[in-house]
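Beneath this line is the structure, given in structure tokens, with notes to follow.
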Amino acid sequence: MTQATTNAGGKFDLTERIIAYETGDISHEGFIELFQYLVDTGLAWKLQGSYGRLAEVLIADNVIKAPKKEDA
């Protein structure tokens, strides 16, 4: 499996990660990093519904951490 961790600028390459996930060409570590990133940024609930549902399962199973709650 191939996996690009960062883009040329050294930043998390979200597009490459999503393509790798969608095509089944992502490592276990890459999968976890992708969904943790999606949860941390809130994107898990802005993309198609399957991303948010899977994020919820991963959180419930303690595979990834829940989003941080902001103090009021």
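How many residues, within the stretch 23-57, are over 21 Å from D13 (Cα atoms) and buried (at least 16 other Cβ atoms within 10 Å of the Cβ)?
0
Would you pick out the residues in the stretch 27-72 that are in a helix (DSSP H, G or I), within 10 Å of the chain's Cα centre (by Cα) and β-branched (V, I, T)?
Result: I32, V39, T41.
Readers should treat all values here as calculations from the given coordinates under stated rules, not as data from a laboratory. These numbers come from a predicted model, not from an experiment. Glycine also receives a Cβ, built like all others from the backbone with ideal geometry; neighbour counts cover every protein chain displayed.
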